[in-house]
Every structure is written in C-alpha cells, then in structure tokens.
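Participant: Can you keep this structure in mind? I'll have questions shortly.
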Amino acid sequence: MTDKTDPKPYRPKTQPLPFLPVSPAKLMLSEGVAQIWGDSMLVGAMFKAALQMWIHGPADERTLLRLIGGVPMNELVDAGVIVRGTDHLHIPWVEEARTESDRRRLANAEKGRKGAEIRWEKPKDSSAMPKHSQSMAEDASKERRGEERTEEESNISSSPKKRGRKPSPINALWASLWSEFRGQTWAWKKTDAFKLAQLLTLADGDLGEIERRARVMFASKDIWVQQNASCGLLLARWNQYGVEIRPVTATEAALSGGSEAAQDLYARLKGVVGS
C-alpha cells in the first residue's frame, strides 16, 4: 500500500482516559490492521506506538524510531496503520478513540452541571422542584433544626448563666467552692452538669456532704490532685474523699502510749477535737 500523507494539522491531545478504550470490531476494520495481524512483531509495534500516542498525542518520527525501530515503523506506514502528517505521525483509530473519549467526558460534565442546578437551585414555585430534591431539602432542614436544638440544650445544661437562668443549687455551690479555693470563675463545659447531677445522686441530694468532700479534695497536699481538682475528679474519688485522713501529731502519739493519766488526757483531747 502506498504511503499516505494527511495534510490536516492535528489539535494537541486533550485529557485522555487512564486506559485506552479499544473496540475489537472497530480495530479490525481500521485501515491496515487486518493486513498486519498475522505478524506478531508488527502488531506489538502498533500497540506500543498506540499507547505512546494515547498518552502523549501524535508523535514525531524520531520518537517512533526510538520506540519501535525504523523497519516496523515503515511497514506500519506502508500498511496504512500509521499515517504521516505534516510534522507528525498518528494512528487513526487511536485518534478516533480520543475524540469519542472527549465527547463522552464533556457530555458527562454537562449532565452533572445541569443535575446540580436542578438539585440546588431554589425554584420560585416549590411545587416545581423534583420530588427527590424536595426530600433532600426537607431532610437538610430537619437536620439543621435538630443540630440547633441539640446545641441549645447543651448550652443550657452546661452553663447556669445562659439566657439569664438562675443557677441550680449544685451549680452555685460548685462555682462558689472553685472561686474560694482557686480565686477564679469556673469555666463551664457541656459535661459538667451531668457530673454534678451524678454527685447529687451519690450524696442523696445532700449538698452539705458534697461540699464537705469537695473541701477535702481542694485541701489535699497531693500536687497532682491540686492540679487536676474538678467535679469530675470528685465524682471519680467520691469514696476516697468520704474519709479525711489526718496525720497524728507527736504529742498525740506520746500521750497515746503513756500512763493511764496520759491516755485519759489523750481521750479528752480527741473528744475536744472531734466535737
């Protein structure tokens, strides 16, 4: 077959698919393919050149010479599988596949754009909105309202000062103790109300007992406790802070092991301290 020359300039490659879409029927009907099909070397050279051109577009002669060699290139040109242009060589069925790929890609992009407009544009008449779009809009609205309610409830429960509400007795007690021992205002968190409610349950509603155990915690000499004192720590160590452990002084130790008169004095001292 004679050498074919295509004088038409080819546009640069566009965005190809990550794979080369090959239709066996179209491939076998392409110019020269059936003629070279019995030669495995030429078929391999054709596909090697096709992959190069699919990624990088029509190739110059030097590139193809380096890629598949001069003899296979000339035979593919003679068979009409590869076509010479003014300054490039190309494979017609590869360029057809590229054109079809571009057409589909642009059509899908346009379809997606129109679909987005239908879904998200607010029509003047809500009845004109497609049913699935109405459902999506209603679900989104319900979700937003639910989030607003949850946030509002959390804010009310976590801080006694929200919306001018008078703090509950347990909240007021904790804020007062924190201010007394730390000299600052307690920064309320969402979980604080839940922890204080649990403390009330453990104390059977006795605010005095909560205050007593909280003072034991705040007065602790343990550095870690001083750094981490909180209503959460009081809840976690409720049983431990139920008993205040006070070290025995040297005088008490001496009296407790002395004579009968000393022990009597020690017992009376205990009674005075206990009262």
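Participant: On the given criteria, is SER158 at pLDDT below 85, farther than 30 Å from TRP120 by Cα and surrounded by 13 or more Cβ atoms within 10 Å (Cβ to Cβ)?
Facilitator: Yes; evaluated as a whole, the condition is true for this residue.
Participant: Does region 75-87 contain any residue that is within 19 Å of PRO21 (Cα to Cα) and touching a residue at least 24 places away in the same chain (Cβ under 8 Å)?
Facilitator: yes
Participant: Going by the conditions given, is THR63 surrounded by 11 or more Cβ atoms within 10 Å (Cβ to Cβ) and of a type in the set (Ser, Thr, Tyr)?
Facilitator: Yes, satisfied.
Participant: Got a sec? Which helices (runs of 4 or more DSSP H) wholly within region 45-122 have at least 1 residues that are farther than 24 Å from VAL33 by Cβ, in the same structural domain as LEU20 (by TED's automatic domain parsing) and among the charged types (D, E, K, R)?
Facilitator: 61-68, 92-120
Participant: Please find, among GLU75, GLU121, GLU117, the residue that is among the charged types (D, E, K, R), exposed (fewer than 10 other Cβ atoms within 10 Å of the Cβ) and modelled with pLDDT of 75 or more.
Facilitator: Step by step, each of GLU75, GLU121, GLU117 is checked, and only GLU117 is among the charged types (D, E, K, R), exposed (fewer than 10 other Cβ atoms within 10 Å of the Cβ) and modelled with pLDDT of 75 or more.
The values are calculated or read from the model by the stated rules, or taken from the named source; none is laboratory data. Treat the numbers as computed from the prediction; the structure is a model and nothing was measured. Counting neighbours? That spans all protein chains shown, and the Cβs are built from the backbone with ideal geometry, glycine included.
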